[in-house]
Amino acid sequence: MSELPPEAQVWNLLRGALGTKALGIVADLGVADALSDGPRPVEDVARQTGADADTLNRLLRALATDGIFAEVDPGVFRNTEASETLRREGWRDFAHLFGGLWYQAVAALEGTTGEETFARTFGADFWAWLAAHPEERASFDRAMVEGKERRVERLARLEWRDGETVVDVGGGNGSLLIELFRRRPGLRGIVFDLPETNRDEAALARESIEFAAGSFFEGVPGGDTYILGTVLHDWDDKRAATILRTIGEGAPAGARVLILDAVLQHGDDPHGAKWLDLLMLVIAGGRERTEAEWRALVEGAGLRVDAVEDALVQASCP
């Protein structure tokens, strides 16, 4: 339970949209990079980044109240551990997406329908829109790298056979398989995703990974283990079940299916996925799921559930 007064709890949520937008703006401007060598007057940072000095001062002053940047003298700011995060792989792109595309989609969320809002806001579904905007697609692929280390650690702890073919379904730029193979050499890999995915094919080839283009609603390459890394939460139950059935139809009997997605717990304990659940709704009609919902989804698609733990559902093809 929060120790804040009730009014403070409500206020923190009410002004949350302002914080999201402010963080997206300073990330796009590259302010954290501009402050990488130490404190600087806001006028200097504004000249370097192309920002309006007064607006930037007000943005940084507000963000500093939450520990993102710090004002060391009037109008002089430095980075904090939190703002340094914006210089790390994936986080700057997350801030860009949350403060831009996703911000607009969330603004259209209503409580009277269960429909995604992205298509209504932008005139195309999320994936088609990304395909038509390569720079945003690249930003999305970079953002999806965040959290890769935790997912790789979970996978690396599992048993793997020499020469096993691992198919990363919806694998984006292939960073997950690259890191897994560095920990578990001797595997073969296929990254399967839409052709417009931003990727470094030379880096994939160095780790014995190939890229295969296609739609996971229509078919998947053959393999021994299939990884779905934060993929199924993008989709509603009907479309998620179609993806699982497609894997079941293309995989040999006994093939593993490893689902790396949150497993929601009941109760009031904080969990970031409870907020991401709302984001999944507005982007593509997707959802985060409880253990019971995962079991119903996987078994309803004709697969067998072997184990469920936080952030990992292990299944297999009968």
I need the per residue convex hull volume for the stretch 220-283, using only the alpha carbons, in cubic angstrom as a whole number.
99 Å³
Over its Cα atoms, what ratio of radius of gyration to 2.2 N^0.38 Å does the chain give?
1.09
Stretch in the chain that is longest and holds no GluC sites (Glu not before Pro) that DSSP places in a loop and that have at most 11 other beta carbons within 10 Å
4-109
Relative to the longest principal axis of the C-alpha atoms of the chain, give the angle of the C-alpha long axis of helix 237-250, reported between 0 and 90° and rounded to the nearest 10°.
40 degrees
Nearest 10 degrees, 0 to 90: what angle lies between the long axis of helix 53-64 and the longest principal axis of the chain (Cα atoms)?
60 degrees
Backbone HN-Hα couplings from phi across the stretch 224-234 [Karplus 6.51/-1.76/1.60, Hz, Gly and Pro as x]
9, 9, 10, 10, 10, x, 6, 10, 5, 5, 6
Pairwise label distance in nanometres, Arg157 with Asp37, each label 7 Å out on the Cα-Cβ vector
4.4 nm
Extension reserve of the Asp236-Thr113 stretch, reckoned as 0.36 nm per residue once the Cα distance is removed:
42.9 nm
Given the convex hull of the Cα atoms of the stretch 6-87, what is a quarter of its surface area in nm²?
5.3 nm²
Taking only C-alpha pairs under 8 Å that are 6+ residues apart, what is the relative contact order of the stretch 6-87 in percent?
28 percent
Helix 134-143 versus the longest principal axis of the chain: what is the Cα-based angle in degrees, 0 to 90, to the nearest 10?
80 degrees
Report the convex hull volume per residue for the stretch 74-212, counting only C-alpha atoms, in Å³.
173 Å³
Cα-centred dipole magnitude for the chain, charges only on beta-carbon of K, R (+1) and D, E (-1), debye, nearest 20
360 debye
Taking H as built 1.01 Å from N, whose amide H comes closer than 5 Å to the amide H of Arg289, not counting residues under 5 places away?
Leu264
With r defined as the distance between the Cβ atoms of Arg150 and Asp54 and R0 fixed at 45 Å, what FRET efficiency is calculated, to the nearest 0.05?
0.65
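For the stretch 111-245, what is the relative contact order in percent, using Cα pairs closer than 8 Å and at least 6 residues apart in sequence? Kindly include the intermediate steps, with their values, before the conclusion.
Values: 172 pairs, mean separation 30.4, N = 135.
Dividing the mean separation by the residue count of the stretch 111-245 yields 23 percent.
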What is the stretch 1-145 by shape, rounded, prolate or oblate, if you read a ≥ b ≥ c off the alpha carbon gyration tensor as root eigenvalues and call it rounded for a/c under 1.5, prolate for a/b larger than b/c, and oblate otherwise?
oblate
Tell me, in nm to one decimal, what length is gained between Glu210 and Arg87 on full extension, where the rule is 0.36 nm per residue of separation less the Cα-Cα distance?
41.3 nm
Using only the Cα atoms of the stretch 149-244, construct the convex hull and provide its projected area averaged over every direction, in square nanometres to one decimal.
6.0 nm²
The chain: calculated mean residue ellipticity at 222 nm from DSSP helix runs of at least 4, using -39500 (n - 2.57)
-13000 deg cm²/dmol
Farthest toward the dipole's positive end in the chain, which of Val167, Ala284, Thr112, given Cβ charges of +1 (Lys, Arg) and -1 (Asp, Glu) about the Cα centre?
Val167
For the chain, what relative contact order do you get, as a whole percent, if you take Cα pairs closer than 8 Å and at least 6 residues apart?
13 percent
Explain nothing, just the number: dipole magnitude of the stretch 263-318 about its Cα centre with +1 on each Lys and Arg Cβ and -1 on each Asp and Glu Cβ, in debye rounded to the nearest 20.
240 debye
The farthest towards the positive end of the charge dipole of the stretch 1-107, of the residues Leu23, Asn79, Ala34, given +1 on Cβ of Lys and Arg and -1 on Cβ of Asp and Glu, is Leu23
Have a look at Val263, Ala64, Ile227 and report the one farthest towards the positive end of the charge dipole of the chain, computed about the Cα centre with Cβ charges (Lys/Arg +1, Asp/Glu -1).
Ile227
Rounded to the nearest 20 debye, what is the charge dipole size of the stretch 185-277 about its Cα centre when +1 sits on each Lys and Arg Cβ and -1 on each Asp and Glu Cβ?
260 debye
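Readers should treat all values here as calculations from the given coordinates under stated rules, not as data from a laboratory. In this text the structure is predicted, and so the values were computed from the model without any measurement. In this analysis, Cβ positions are derived from the backbone assuming ideal geometry, glycine residues included, and neighbour counts consider all displayed protein chains.
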